[in-house]
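Trainee: I'd like to ask some things about the structure below.
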Amino acid sequence: MTTLSQLKPPLLTGTCSEEKRAQLKQYFINTWQTYESLFNLINNDQAYFLRPEPLRHPLIFYFGHTATFYINKLILGKFTPKRINQAIEAICAVGVDEMSWDDLDSRHYDWPSVEQVRAYRQQVFALVIELIEQMPLTLPIQQDSLAWVILMGCEHERIHLETSSVIMRMLPLQHLTASPEWPACQTSGEAPANALITLAGKNITLGKSSSDHTYGWDNEYGQLSVDVDDLNVSQYLVSNQEYLAFIQLGGYQNPDYWSEEGKQWLAYKKPEMPRFWLKRGEHYFQRNLLNEIPLPLNWPVEVNCLEAKAFCLWKGEQEQKYIRLPTEAEWYCLREKVTGDLVQWQEAPANINLEYYASSCPVDRFSSQDFFDVCGNVWQWTESAIDAFDGFNVHPLYDDFSTPTFDGKHNLIKGGSWISTGNEALKSSRYAFRRHFFQHAGFRYVESEHPEVPLTPVNRYETDFDVCQQLILHYGENSSVNFPTQLAHFIIPLLSEYKVAQQKLLNLGCSVGATAFALSPSFNAIDAVDFSARFIQFGVKLQGGESLRYQSVVEGDIVAFNEVNASEVCQHNAENIQFSQGDAVNLKPIFKGYDVIVLQQVLEQCYDPKQVLRTIHTRLNRGGLLVVASDYTFDAQITKRENWLGGIKVNGENVTGFDGLSLLLAEHFSLLKQTQLPLDIHINQRQSLRKSIDVTVWQLNNATE
């Protein structure tokens, strides 16, 4: 058997820069040659432009994409001054994530010819070799170095080595020519009976350390501690034979086994069996990369996540148990059955890294203690949607590698497949695909005592423009000097200056919560109220210890990704804050008895600010303070003109917002202070809108009823 020899990923550490340079060069060459060897299996140029998978681009895109990736990242990092072929670098740049069946891209692409892409790849290869040979290199390799970008390009190409092989597996065989470098397994037979084996639970810490010696993608770094309970795990991956029973008993026709998303996929694709199966007469066959064979019953079934989950529901019904996919943390408990990792292995203890076959193999071929195929053979779907760990940071040269998948729609696959090499074959690798997507992926199942799956909710990146503006205003880089924090710092000295009790505060117009958090150490209880429930939820998340993630516009369509850590915002116990949705005009009677009330830009956002001011005194204790922060800018679509406080003429005279405010408060309040605080609304990296907010402090007269 002849297989393509794969080099192990170079360590980031070392004692000799020139030795490391040689390792990087050889790893780059090995990666490049392996990728071209795969595409050399295509025996005619027309096949490059077919679309065997309608939700993916034709193979010509992927042939060019990995080379354009180098140039685009090198230019972005200012490691090279000019492009090689602007047309190819534009058309083969983006669009690799699989589309949804309701999100088809029908645009016309003017693809380059195969010869043009081959010539382009030769030019890129020569350039990268030259850069490797001439670049300054210090150890350990850091994320801002050119060497890191070279590794990024290598690992990116190894990802597409696998995804391209999946698409080739869908091409008609007439377009491919077998090669001894890509040998399929020749062994098949009856599948062993699957069994559930108890796996001891433990506390698992997920996440790749920043001091790890191998290259990693952004989503791998950070940390998450998870307690995993004891559970029963299938000894083998689900085999073709085990899955065949699900098909024969009408699994694809019974909607009870399918999630809502699964039912939608069934309606669109109308499948009757796994994507790589075919049926002739009464006999099933399996399509591999370069051949079709009678269905190998003891090989792992390859399905998408929706099919795997449907099987688990069916299996649970058959055995009267709660059967489901494992979570990411549960898989890591199982992974501890395998000794070492790719960079330490002399010989892989699994069908991985192209060390054995260019196909799957029997599910009982590679054991790790009591379990088989803990890693390798095929990827394993999990219940876990991909999310970032605490401490996640995007790499500035590839800021959209992971963040588009933090949407709850991409489930993690673990363990690698027969063609997984480099970073993909490492224990720490984290890859995810949409649940309807096909990879060289199968699954194993677990038995749980309860139907609830112990998942960590996905903490998505907020993209709503209005919400993001508020998050930037409250928690952006300059949060120590932003308006919400300045307002809190302005209020705190007033408490002692005017000898105000510090029992209860009402923050009307709290938005996403920064002012309430900054004031929380100074009061026993705070009611933080906003008309917008979508704003309040972010304060609640921070209070519950969750981090917040949001986008900010850099320029045009370019965005930055930001994270607010709850421990930084809630430096003191913030349990004294009660976030509520409420209408300032019709506030519930329970909101009363306050020592301080803050009207935080609420007047200009409500439909009857005059009514708010007429009644606000009834909610304050005698001697209490009312702090009003407003720019008095009213919008006729929100507030009728007759309810504006100012910015109008009355009997021919100008009436300002402060004039109207003073008139309405004069009966019950005395003005103590007035100042102006700046407020900057983020537009993009170079543009913001500055407002001057009028902040007035009023004290409720003791004689007020």
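Any read-out appearing in this document is the output of simple, stated calculations on the displayed coordinates, not a laboratory observation. Note that the structure is predicted; figures quoted are calculated from it, not measured. Glycine gets a Cβ as well: all are built from the backbone with ideal geometry, and neighbour counts include every protein chain shown.
Trainee: Where does the charge balance sit around F285 when Lys and Arg score +1, Asp and Glu -1, over other residues with C-beta under 12 Å from its C-beta? Intermediate results must be reported in sequence, preceding the final value.
Mentor: Values: positive: K279, R280, R287; negative: E282, E292.
Neighbourhood net charge equals +1.
Trainee: Give a residue-ordered list of calculated ³J(HN,Hα) values for region 255-271 (Karplus: 6.51 cos²θ - 1.76 cosθ + 1.60, θ = phi - 60°; whole Hz; x for Gly, Pro).
Mentor: Computed from phi, the couplings for region 255-271 are x, 5, 8, 10, 5, 4, 5, x, 5, 5, 5, 4, 5, 7, 8, 6, x Hz.
Trainee: Which aspartates and glutamates does K673 reach when only Cα atoms under 18 Å apart count, and residues fewer than 8 places away in its own chain are ignored?
Mentor: Here the aspartates and glutamates satisfying the reach criterion relative to K673 are E497, D595, D631, D659, D694.
Trainee: Using Cα pairs under 8 angstrom and six or more residues apart, how large is the relative contact order of region 196-454, in percent?
Mentor: Numbers: 528 pairs, mean separation 69.3, N = 259.
Relative contact order here is 27 percent.
Trainee: If you take the Cα Rg of region 196-454 and divide it by 2.2 N^0.38 Å, with N the number of residues, what do you get? Could the numbers behind the result be given before it?
Mentor: Values: Rg = 17.9 Å, N = 259, 2.2 N^0.38 = 18.2 Å.
Taking the Cα Rg and dividing by 2.2 N^0.38 Å, one obtains 0.98.
Trainee: From the C-alpha coordinates alone, can you work out the Kirkwood hydrodynamic radius of region 1-95, in Å?
Mentor: Details: mean 1/r = 0.0630 Å⁻¹.
Hydrodynamic radius (Kirkwood, Cα only) of region 1-95 equals 15.9 Å.
Trainee: Taking N as the number of residues in region 269-350, what is its Cα Rg relative to 2.2 N^0.38 Å? Each step should come with its number before you reach the end.
Mentor: Values: Rg = 17.0 Å, N = 82, 2.2 N^0.38 = 11.7 Å.
So the Cα radius of gyration is 1.45 times the expected 2.2 N^0.38 Å.
Trainee: While we're looking at this one, here's another question. Near the amide H of F669, under 5 Å away, which other amide H atoms are found, from residues 5 or more places off or on another chain, if H is placed in the peptide plane?
Mentor: Residues meeting the criterion, in which the H sits 1.01 Å from N, are N701.
Trainee: Can you quote the Å³ per residue value for the convex hull of the Cα atoms in the chain, rounded to an integer? Don't skip to the answer; put the middle values down first.
Mentor: Working: hull volume 138.9 nm³, N = 705.
It is 197 Å³ per residue.
Trainee: Can I ask one more? Tell me, what is the percent relative contact order of the chain, built from C-alpha pairs under 8 Å that lie six or more residues apart? Mind showing how you got there, number by number?
Mentor: Working: 1342 pairs, mean separation 72.8, N = 705.
Result for the chain is 10 percent.
Trainee: Here's a follow-up. For region 462-700, what Kirkwood radius comes out of the mean inverse Cα-Cα distance, in Å? Each step should come with its number before you reach the end.
Mentor: Numbers: mean 1/r = 0.0546 Å⁻¹.
For region 462-700, the Kirkwood estimate is 18.3 Å.
Trainee: Give, as a single signed number, the net charge of other residues whose beta carbon lies under 12 Å from the beta carbon of P296, with Lys and Arg counted +1 and Asp and Glu -1.
Mentor: Values: positive: R287, R365; negative: E190, E292, E302.
Around P296, the charge tally is -1.
Trainee: Using the structure shown, select from K202/K409; K610/K640; K414/K541; K263/K409; K73/K409; K315/K409 the pairs with a Cα to Cα distance greater than 18 angstrom. Don't skip to the end; give the middle numbers.
Mentor: Working: K202/K409 28 Å; K610/K640 11 Å; K414/K541 29 Å; K263/K409 15 Å; K73/K409 27 Å; K315/K409 24 Å.
Too far apart for the 18 Å limit: K202/K409; K414/K541; K73/K409; K315/K409.
Trainee: Also: Would you pull out the residues with amide H under 5 Å of A441's amide H, same chain only if 5 or more places away, H placed 1.01 Å from N?
Mentor: Long-range HN contacts for A441: V303, W379.
Trainee: Considering only DSSP beta bridges with both partners in the chain, what is the antiparallel share in %, to the nearest 5? Could the numbers behind the result be given before it?
Mentor: On the way: 64 of 89 bridges.
Close to 70 percent.
Trainee: Also, I was wondering about something else. Give, to the nearest whole percent, the P(r) tail of region 602-693 beyond 20 angstrom, counting all Cα pairs. Please list the in-between numbers first.
Mentor: Values: 1847 of 4186 pairs.
So the pairs more than 20 Å apart make up 44 percent of the total in region 602-693.
Trainee: Quickly rank 58-69, 495-506 as a protection proxy: mean count of other C-beta atoms within 10 Å, highest first.
Mentor: With the highest mean Cβ count within 10 Å placed first, the list reads 58-69, 495-506.
Trainee: Report the relative contact order of region 576-672, percent, no decimals, based on alpha-carbon pairs under 8 angstrom and at least 6 residues apart. Working shown, then result.
Mentor: On the way: 116 pairs, mean separation 25.6, N = 97.
About 26 percent, as a whole number.
Trainee: What's the ranking of 616-628, 342-354 by average number of surrounding C-beta atoms within 10 Å, highest first?
Mentor: On the way: 616-628: 20.4, 342-354: 18.2.
Going by the mean number of other Cβ atoms within 10 Å, highest first, we get 616-628, 342-354.
Trainee: Could you give me the ³J(HN,Hα) list for region 26-33, computed from phi with Karplus coefficients 6.51, -1.76, 1.60 and θ = phi - 60°, whole Hz, x at Gly and Pro?
Mentor: With coefficients 6.51, -1.76 and 1.60, one gets 5, 5, 4, 5, 4, 4, 4, 5 Hz.
Trainee: Can you give the local net charge around A178? Use residues other than it whose beta-carbon is closer than 14 angstrom to its beta-carbon, Lys and Arg +1, Asp and Glu -1.
Mentor: Values: positive: R169, R287; negative: E181, E292.
Residues close to A178 contribute a combined charge of 0.
Trainee: Can you run phi through the Karplus equation (6.51, -1.76, 1.60; θ = phi - 60°) for region 552-557 and list ³J(HN,Hα) in whole Hz, with x for Gly and Pro?
Mentor: 10, 6, 8, 6, x, 8
Trainee: Moving on to the next point. Arrange the peptides 575-586, 670-681, 162-173 so that the one whose residues have, on average, the most other Cβ atoms within 10 Å appears first.
Mentor: In descending order of packing, they fall as 162-173, 575-586, 670-681.
Trainee: Using only Cα atoms, locate the centre of region 145-186 and the centre of region 385-408, then give the distance between them in Å, rounded to an integer.
Mentor: Computed from Cα coordinates, the inter-centre distance equals 24 Å.
Trainee: Quick one: which residues, 5 or more positions from A432 or on another chain, have an amide H under 5 Å from its amide H? H modelled 1.01 Å from N in the peptide plane, none for Pro or chain starts.
Mentor: For A432, whose amide H was placed from the backbone, the distant partners under 5 Å are I413.
Trainee: Turning to a different aspect of this structure: Let's see if you can work this out: charge +1 on each Lys and Arg Cβ, -1 on each Asp and Glu Cβ, no other charges. What is the dipole magnitude of the chain about its Cα centre, in debye to the nearest 20?
Mentor: Numbers: 57 positive and 83 negative charges, 145 e Å.
Roughly 700 debye for the chain.
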